[in-house]
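Since the structure comes first, as structure tokens, the remarks are kept for the end.
We did not get these values from a lab; they are worked out from the coordinates using the rules stated. Here the structure is a predicted model, which means the values were calculated and not measured. Cβ atoms come from the backbone with ideal geometry, glycine included; neighbour counts cover every protein chain shown.
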Amino acid sequence: MDQNMTATADGPEALFAAGLSAHGNGDYTAAARCFTGVLEAMPGFPAALANRALSLWSLGALDDAERDAVAACTAMPGLAEGWMVAGAIRIERGDSAGAIAAYSEATRLRQDFAPAQAGLAAAYLAHADNAAATRHAALALILDSTCNHARFTLGSALSALGKTDTAISLFTQVLAAEPRHAGALLNRGNALVGLDRIEQAEADLRAALAIDPNLREALASLAVLRTIQGDTAEAIALCDRAIALDPDFAVAQWNRGVAALLAGDFATGFEAYEWRKRHPIYGPHFDRLPAPVWTGDDLAGRHLLVRAEQGLGDTIMFARFLPRLIAEARRV
């Protein structure tokens with residue numbers, strides 16, 4: 001992310017070049033320090049702000065990184081790369097709508113720039129708009145067939161749309177170019193589980209964790225697989241690891257509840273099962289309830305709506321409690 005500057009060889013220009021080199025070598029602390037030096041000599045220099053934002057983002061300093069990215073875009077609205085950095089930071093922060101806005105501006109400025117289209121695709125994927133993610137990822141690959149970021153996003157979107165075989169092929173292509181791409185291993189593993197190719201799925205998920213032991217999604221996915229295989233003890237242990245990394249990770253909490261129920265630990269299982277109300281798949285159903293959820297208190301004189309929540313088996317099993325509810329409530 002470069003921009004012309006007027007400086008002597010040992011001044012801001014040299015610091016800027018050193019910052020780019022340090023970032024390219026993975027020394028993000030040194031890179032941020034170099035770009036700070038440039039900004040001390042040339043306050044508000046957009047390219048230095050954008051590059052420092054990139055280095056700070058790599059260091060996990062999201063607040064400072066987003067501040068620099070926004071400052072770069074404010075100082076130079078036509079700097080597409082600045083909008084791209086802002087978009088990437090917002091995806092990581094969970095602000096998918098903000099990321100879409102930032103990447104949309106980047107693509108408006110540079111429609112034929114594959115990384116900008118790939119970033120917009122990733123933002124739409126984070127926003128659960130898989131159709132839009134597919135369109136922009138495909139466009140990025142038309143612009144640059146080597147854009148692995150776009151290929152990974154396209155595979156992820158197609159997997160969510162049920163095009164599992166095509167998604168697996170795309171993840172395999174990603175891994176051919178980047179064998180240590182933990183995300184591609186994770187997503188291919190999840191897709192393989194959906195095809196009941198359990199042994200291959202387990203190999204992918206364990207490979208993803210060998211690369212990144214703290215990849216919480218891989219821990220949760222492997223827990224599901226181990227539950228399917230009947231090893232509820234390992235499933236619970238895997239969920240515990242994911243929950244230790246993020247106590248609010250509803251998927252792992254819910255997976256732990258399922259494993260505990262299957263293990264016969266009903267007290268733990270039903271308590272953890274309440275996390276389904278915050279689960280990305282099941283949670284939205286609870287947001288649309290027409291009245292408060294019943295918590296088990298006295299039903300005398302009250303109306304109670306009972307609805308089927310998940311599978312037919314659960315519905316049949318819990319229907320046996322309906323006569324008791326009918327006897328206690330005014331209307332069921």
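Would you kindly state how much longer the chain becomes between ASP63 and ASP212 on full extension, computed as 0.36 nm times their sequence separation minus their alpha carbon distance, in nm to one decimal?
Values: separation 149, 0.36 × 149 = 53.64 nm, distance 2.43 nm.
Taking ASP63 through ASP212 to full extension adds about 51.2 nm, to one decimal.
Determine, for PHE270, PHE16, the number of other Cβ atoms within 10 Å of each Cβ, and report the residues in order from fewest to most.
Values: PHE270 12, PHE16 24.
By the 10 Å Cβ count, ascending, the order reads PHE270, PHE16.
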Longest principal axis of the chain (C-alpha) makes with the long axis of helix 80-93 (C-alpha) an angle, in degrees to the nearest 10, of 30 degrees
Once the dipole of the chain is set up from charges on Cβ (+1 Lys and Arg, -1 Asp and Glu), the residue from the list LEU125, LEU195, ALA30 lying farthest towards its positive end is LEU195
For the chain, longest principal axis from Cα atoms; helix 96-109 axis from its Cα atoms; angle between them, nearest 10 degrees, is 30 degrees
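How far, in nm, would the chain grow between ILE198 and TYR282 when pulled straight, counting 0.36 nm per residue and subtracting the alpha carbon separation?
27.8 nm
Give me HIS303, HIS181 sorted ascending by neighbouring Cβ count inside 10 Å, so fewest comes first.
Details: HIS303 10, HIS181 19.
Listing HIS303, HIS181 from fewest to most nearby Cβ atoms yields HIS303, HIS181.
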If one compares the long axis through the Cα atoms of helix 130-143 with the longest principal axis of the Cα atoms of the chain, the angle in degrees, nearest 10, works out at 30 degrees
For the chain, whose charge dipole is built from +1 on Lys and Arg Cβ atoms and -1 on Asp and Glu Cβ atoms, the candidate among ALA61, THR164, LEU109 with its Cα farthest towards the positive end is THR164
Ranked from fewest to most other Cβ atoms within 10 Å of their own Cβ, VAL70, VAL224, VAL38 fall in the order VAL70, VAL224, VAL38
Measuring from its Cα centre, the chain shows a charge dipole (+1 at each Lys and Arg Cβ, -1 at each Asp and Glu Cβ) which, in debye to the nearest 20, is 1080 debye
Computed for the range 289-332: size of charge dipole around the Cα centre, +1 on C-beta of each Lys and Arg, -1 on C-beta of each Asp and Glu, debye to nearest 20, value 180 debye
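Per residue of the chain, what 222 nm ellipticity follows from adding -39500 (n - 2.57) for every DSSP H run with n ≥ 4, rounded to the nearest 500? Walk me through the numbers on the way to the answer.
Numbers: 19 runs with 231 residues, N = 332.
Taking each H run of at least 4 residues, the total per residue is -21500 deg cm²/dmol.
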Relative contact order as a percentage, the chain, C-alpha pairs under 8 Å and 6+ apart, gives 6 percent
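With r defined as the distance between the Cβ atoms of GLU178 and ARG302 and R0 fixed at 45 Å, what FRET efficiency is calculated, to the nearest 0.05? Before the final figure, lay out the partial values.
On the way: r = 58 Å, r/R0 = 1.28.
The value I calculate is 0.20.
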